[in-house]
Amino acid sequence: MVCNSIANAVIVVCMVAHVTAARVAGLLGSWSGSGPAYSRLAEGIRLLISDGRIPPEARLPSERELTAALGVSRTTVTGAYTTLRNRGFLASRRGAGSFVTLPAAGGHGHRGLTPGGVPDHLIDLTCAAMPAASGVAAAYEAAVEEMPALLATIGYEPLGLESLREIIAERYGRRGLPTSPDQVLVVAGGLAGVALVLRAVVETGDRVMLESPTYANISSAVSRSGVRAVSAPVAPDGWDIEVFESTLRQAAPRAAVVIPDFHNPTGALMAAEDRQALGRALARTHTMAIVDETLVDIFLDVEDRDMPPPLAAFHPSGVVCVGSTSKSFWGGLRIGWIRAPEPLVSALLSARTGLDLGAAALEQLVAERLLRDASRVLGLQRELVRARRDALMSAVRARLPEWRFVRPAGGLALWCELPKPLSNGLVAAAERHGVALVPGSRFSAYGGLERFVRLPYTLSEERLDQAVSGISQAWSEADVPAAYRPDRPLIA
Ligand SMILES: Cc1ncc(COP(=O)(O)O)c(C=O)c1O
């Protein structure tokens, strides 16, 4: 059967195979083992997809057909399909059925991470976010008291409240990037900022360079903007700028999305000389960089004064910075910003008017209060994060001594290299031991990264210890695929 599916202005012509229920049952053979039936069934189907016996794009049988063919309860099949959907192996289209996808498959819409979708009985290590920093509640109270003055206005401020833009501009000035408030646009979080810049600067068919690995929702924003993603590798200990430069030269992307300040997921911090070299490469290749600085405040082993200047300081006319309050103060605040070279501000503003007309006023007042008091609030928050990072590193070293990681100087997660390429198998086994994880492949634009798993250190030390205990039991159960050939590890 030939189908034309139109996804974000990209026309995909695909041959769709239909895998019958009898065929799935035959291929599965026995799917016995430990853990709930739905989870074993999901893992059995996942293995068939991973080794190619059920191909990408194939239509799976309906839940009713598979229930009958396997002689199991409907709940088992529904649970298995839900698990596969959550892990990115299945996409269901109303009226058309359920189709096999590959997590992080390029070109067909990268699946981002949805925070908060983890059942209560699991320890959630899928999301790297802390509860609100101390001081957030007081900032809300103070902001409410200031609202009456704003309520006398019409409330629309498409660039954002001037008082907030001023403090954001001052912060850039202190970091070595002179900025006027008119270069700042307040948006609903860092991700919305990246998506808005993409909307303003790229067109369907352009190439956009992404780091690999990168934050999954950036891959999702890029793949949904109708562009072609090209990637440049980031090693667990950071960037090889020469490789970046040659990718920029050869692929000639319109834009590149970079996370130099505690890269998600590796935690790497780009050195000042690498920023300078990258700035030069961007200028030579006329590439616009979209720099995501969402994690810039979470420095744990570096002093504030030793933080390198923003990448934009090395190439001010070709870099757009995106910042956020989510990781510094609280994800529920939903306030971020874009700092752009002046000529781009009106393009951003007109891209925005087709989307929304500004960020919420009360939250902007809260963000302003918090940014004015940032050194106190963030000092306390960093202490908490540092203790959790150290506890997680100790627990991993003690219980999973063969795993490797580079100590992150900041950010909110450990990027662990497994001795075998078993990230997806580990995720399935970890769920049986009460822990929800995201496989390494979700941080790649193209899949792969099977030897990596991201462990956020945002839960309490006690919960982290329980999680690592569950993960180490799961690790002892994760199987080596027959095709596995040992490879040189990336972390020495
Ligand atoms: C690098 C990076 N960018 C953006 C975001 C999302 O930020 P926000 O919640 O402000 O949209 C995250 C969240 O983890 C992140 O790590």
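Could you tally the net charge around Met147, taking each other residue with its Cβ under 12 Å from the Cβ of Met147, Lys/Arg +1 and Asp/Glu -1?
Taking every Cβ under 12 Å from that of Met147, the sum is -4.
Dividing the alpha-carbon radius of gyration of segment 106-207 by 2.2 N^0.38 Å (N being the number of residues), what value is obtained?
My calculation over the Cα atoms of segment 106-207 gives 1.46.
By DSSP, what percent of the beta bridges with both residues in the chain are antiparallel, rounded to the nearest 5?
In the chain, DSSP labels about 60 percent of beta bridges as antiparallel.
Please list Thr153, Thr78 from largest to smallest accessible area, probe radius 1.4 Å, with all protein chains kept in place.
Largest accessible area first, the list is Thr153, Thr78.
Hey, could you get me the Stokes-Einstein D for the chain, Kirkwood radius over alpha-carbon pairs, 37 °C and 0.692 mPa s, rounded to whole µm² s⁻¹?
138
Rounded if a/c is under 1.5, else prolate if a/b beats b/c, else oblate: with a ≥ b ≥ c from the C-alpha gyration tensor eigenvalues square-rooted, which is segment 276-385?
oblate
Return P(r) of segment 136-373 (all Cα-Cα pairs; 5 Å bins starting at 0; whole %; ordered from short to long distances).
1, 7, 15, 19, 20, 17, 11, 6, 3, 1, 0, 0
Is it possible to state the helix-based mean residue ellipticity at 222 nm for the chain, with each DSSP H run of 4+ residues giving -39500 (n - 2.57), the sum divided by total residues, to the nearest 500 deg cm²/dmol? What is it? Don't skip to the end; give the middle numbers.
On the way: 15 runs with 193 residues, N = 492.
Roughly -12500 deg cm²/dmol at 222 nm, from the helical runs in the chain.
Of all DSSP beta bridges located in segment 136-373, what percent are antiparallel, nearest 5?
On the way: 11 of 28 bridges.
Percentage antiparallel, nearest 5: 40.
So how do Cys321, Cys127 rank on accessible area, 1.4 Å probe, biggest first, that is with the largest at the start?
These residues rank, largest area first, as Cys127, Cys321.
If you rank His121, His286, His263 by how much accessible surface each has, with a 1.4 Å probe, what is the order from largest down?
His286, His121, His263
Give me the net charge for the shell around Thr285: Cβ to Cβ below 15 angstrom, other residues only, Lys and Arg +1, Asp and Glu -1.
+2
If we restrict to alpha carbons, what Rg and Dmax does segment 199-321 come to, in Å?
13.5, 42
Report the local net charge at Met130: Lys and Arg +1, Asp and Glu -1, summed over other residues whose C-beta lies under 14 Å from its C-beta.
So the environment of Met130 carries a net charge of +2.
The values are calculated or read from the model by the stated rules, or taken from the named source; none is laboratory data. Since the structure is predicted, the reported quantities are computational estimates derived from the model, not experimental observations. Don't worry about glycine lacking a Cβ; one is built from the backbone with ideal geometry, like all the others, and counts go over all protein chains shown. Remember, those area values only see protein heavy atoms, side chains included, never the ligands or the DNA or RNA. Shrake-Rupley method; radii C 1.70, N 1.55, O 1.52, S 1.80 Å.
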